[in-house]
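A.B. asks: Quick one: structure below, then a few questions.
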Amino acid sequence: MGVTKKSVRQSVSLPARLATRVKSLAKSQRKSANRVLVDLVESGLASKDRERERFYALASLLTESRDPAERERVKKELARMTFGE
């Protein structure tokens with residue numbers, strides 16, 4: 001028997017400009033605003049997961065690398081990811 005995905009109702013207040021963009025996107029994609037919000041949240045969470053995986057991969061590379069130039073490059077990349085430009 002298949003597993004049913006249970007939906008949980010959430011109330012979210014969006015700034016007016018953002019709500020307008022969501023409605024516009026929904027109209028252009030012929031989807032509901034709710035579906036667009038779900039898609040955006042899912043893609044945002046996936047993006048955060050990829051960012052975390054990249055961070056851990058760089059941290060691992062930093063500990064394994066013996067080349068000083070490579071270590072410095074990785075340190076700079078980790079600093080950029082952590083603190084921004």
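A.B. asks: Considering only the stretch 72-85, how many residues are assigned to a helix (DSSP H, G or I), under 18 Å from K48 (Cβ atoms) and of a type outside the set (S, T, N, Q)?
C.D. replies: Within the stretch 72-85, residues that are assigned to a helix (DSSP H, G or I), under 18 Å from K48 (Cβ atoms) and of a type outside the set (S, T, N, Q) number 5.
A.B. asks: Let me ask something else. If you scan the stretch 1-56, which residues turn out to be closer than 25 Å to G84 by Cα and either of a type in the set (D, E) or in a loop (DSSP other than H, G, I, E, B) (or both)?
C.D. replies: Answer for the stretch 1-56, where residues must be closer than 25 Å to G84 by Cα and either of a type in the set (D, E) or in a loop (DSSP other than H, G, I, E, B) (or both): E42, D49, E51, E53.
A.B. asks: Quick one: A69 ticks every box in (1) surrounded by 12 or more Cβ atoms within 10 Å (Cβ to Cβ); (2) aliphatic (A, V, I, L, M); (3) in a helix (DSSP H, G or I); (4) without any contact (Cβ under 8 Å) to a residue 24 or more places away in the chain except a single one, so which number is it?
C.D. replies: (1)
A.B. asks: Take S7 and decide whether it is polar (S, T, N, Q), closer than 30 Å to K75 by Cα and exposed (fewer than 11 other Cβ atoms within 10 Å of the Cβ).
C.D. replies: no
Residue-wise test of (1) β-branched (V, I, T); (2) farther than 30 Å from S7 by Cβ; (3) surrounded by fewer than 10 Cβ atoms within 10 Å (Cβ to Cβ).
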{"residue": "D39", "(1), (2), (3)": "no, no, no"}
{"residue": "A46", "(1), (2), (3)": "no, no, no"}
{"residue": "E64", "(1), (2), (3)": "no, yes, no"}
{"residue": "E85", "(1), (2), (3)": "no, yes, yes"}
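A.B. asks: Residues A46, A26: which one is modelled with pLDDT of 95 or more, touching a helix residue (DSSP H, G or I) at 6+ places or on another chain (Cβ under 6 Å) and not charged (D, E, K, R)?
C.D. replies: A26
A.B. asks: Please count how many residues of the stretch 22-76 are more than 30 Å from V12 (Cα to Cα), of a type outside the set (K, R) and more than 18 Å from the chain's Cα centre (by Cα).
C.D. replies: Qualifying residue count, the stretch 22-76: 13.
The values are calculated or read from the model by the stated rules, or taken from the named source; none is laboratory data. Keep in mind that this is a model prediction, so the values were computed, not measured. A quick note on method: Cβ atoms are made from the backbone with ideal geometry, for glycine too, and the neighbour counts reach across all protein chains shown.
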